[in-house]
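Here's the structure we're looking at; comments come further down.
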């Protein structure tokens, strides 16, 4: 049995199982680290018992993914109150006495989509989540990208026409980066209403689609993915994908001449195949990877 945690800024989703067919989940609101992690540990003690072999955690960030770092497994400079410098992976490993795989929430979601969802069979793909924040994970040549730290696609700097959209953005670091302009809280502050309550013909949606299209054009010409998946609460509005694809095609202006974009844009830019379960299922993939690495390490030591 494997365990997984999708650690989000709004909620933590915990699960045990081996894949989509036998996954058992429970979720808790993200409050303080002490309260939330106590609920998480209790879930796994109730449902995993002595059968839990490994854990995987896909976490909101920024996070420390450097295995040689003394703060590996920590959430680092997050603006989420109370969670900066939280030793997430270490706490779970100590309390449950199992090996723990750790990555960003979006990389985990991409791993889930690669195994069971809309990125199956692809070597290069991108997953973006548009919700409480904006995050992006990339897979290149079959491997998720970490780099110096990890990708922070939510903080792409975009052209911002202050005459057409005088909203200054809400990112505490950059103001009007992608996240500052397009995340759920930004939409709520700009329009004085939650995104989910805005009518399909509200002017919020063409503007939101425009900012996302700008980001996707940048990602496409930089990483050349075979597919881009967009999840998160803001993307639950069905009309936004058509608006986004149309603006993406206009902005790209025929520069990338490939049938996947020219003829199959609905597939090139699409929702995640696993829906809201991409992250928690991806955390099981992280657990599986960590389980295999621990077994290999044990064999070498013997």
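General observations
- Residue 165 falls short on exactly one of the conditions (1) in contact (Cβ under 8 Å) with a residue 40 or more places away in the chain; (2) buried (at least 18 other Cβ atoms within 10 Å of the Cβ); (3) more than 13 Å from the chain's Cα centre (by Cα), and that condition is (2).
- Given (1) assigned to a strand (DSSP E or B); (2) farther than 25 Å from residue 277 by Cα, index of the condition residue 221 fails: (1)
- Of all residues in region 39-53 being at pLDDT below 95 and out of contact with any strand residue (DSSP E or B) (no Cβ under 6 Å at 6 or more places or on another chain), the one that is surrounded by the fewest Cβ atoms within 10 Å (Cβ to Cβ): 50
- Count of residues meeting criterion [in contact with a strand residue (DSSP E or B) (Cβ under 8 Å, 6 or more places away or on another chain) and assigned to a loop (DSSP other than H, G, I, E, B)] in region 251-271: 1
- Flag for residue 175 being at pLDDT 95 or above, touching a helix residue (DSSP H, G or I) at 6+ places or on another chain (Cβ under 7 Å) and under 21 Å from residue 77 (Cβ atoms): no
- Qualifying residue in region 15-26 (condition: under 19 Å from the mean Cα position of the chain (by Cα) and closer than 22 Å to residue 154 by Cβ): no
- Pair list, Cβ < 8 Å and 6+ apart or interchain, from region 15-29 residues that are in the same structural domain as residue 44 (by TED's automatic domain parsing) and under 10 Å from residue 5 (Cβ atoms) to residues that are modelled with pLDDT under 95 and buried (at least 16 other Cβ atoms within 10 Å of the Cβ): none
- Test: residue in region 57-73 that is touching a residue at least 24 places away in the same chain (Cβ under 8 Å), farther than 17 Å from residue 144 by Cβ and either in contact with a helix residue (DSSP H, G or I) (Cβ under 8 Å, 6 or more places away or on another chain) or not in a loop (DSSP other than H, G, I, E, B) (or both): no
- Filter result for residue 71 (surrounded by fewer than 17 Cβ atoms within 10 Å (Cβ to Cβ), farther than 26 Å from residue 19 by Cα and within 18 Å of the chain's Cα centre (by Cα)): no
- Which numbered condition residue 133 misses (of (1) crowded, with 24+ Cβ neighbours inside 10 Å; (2) over 19 Å from the mean Cα position of the chain (by Cα); (3) within 21 Å of residue 270 (Cα to Cα)): (2)
- The one condition in (1) more than 22 Å from residue 288 (Cβ to Cβ); (2) in a helix (DSSP H, G or I) that residue 40 fails to fulfil: (1)
- Restricting 143, 120 to those that are surrounded by fewer than 24 Cβ atoms within 10 Å (Cβ to Cβ) and touching a helix residue (DSSP H, G or I) at 6+ places or on another chain (Cβ under 7 Å) reduces the list to 120.
- Among residues that are without any contact (Cβ under 8 Å) to a residue 12 or more places away in the chain and on the phi < 0 side of the Ramachandran plot, residue 158 is not included.
The values are calculated or read from the model by the stated rules, or taken from the named source; none is laboratory data. Since this is a predicted model, take the numbers as computed values, not measurements. Quick reminder, even Gly has a Cβ in these numbers, built from the backbone with ideal geometry, and neighbours come from all protein chains shown.
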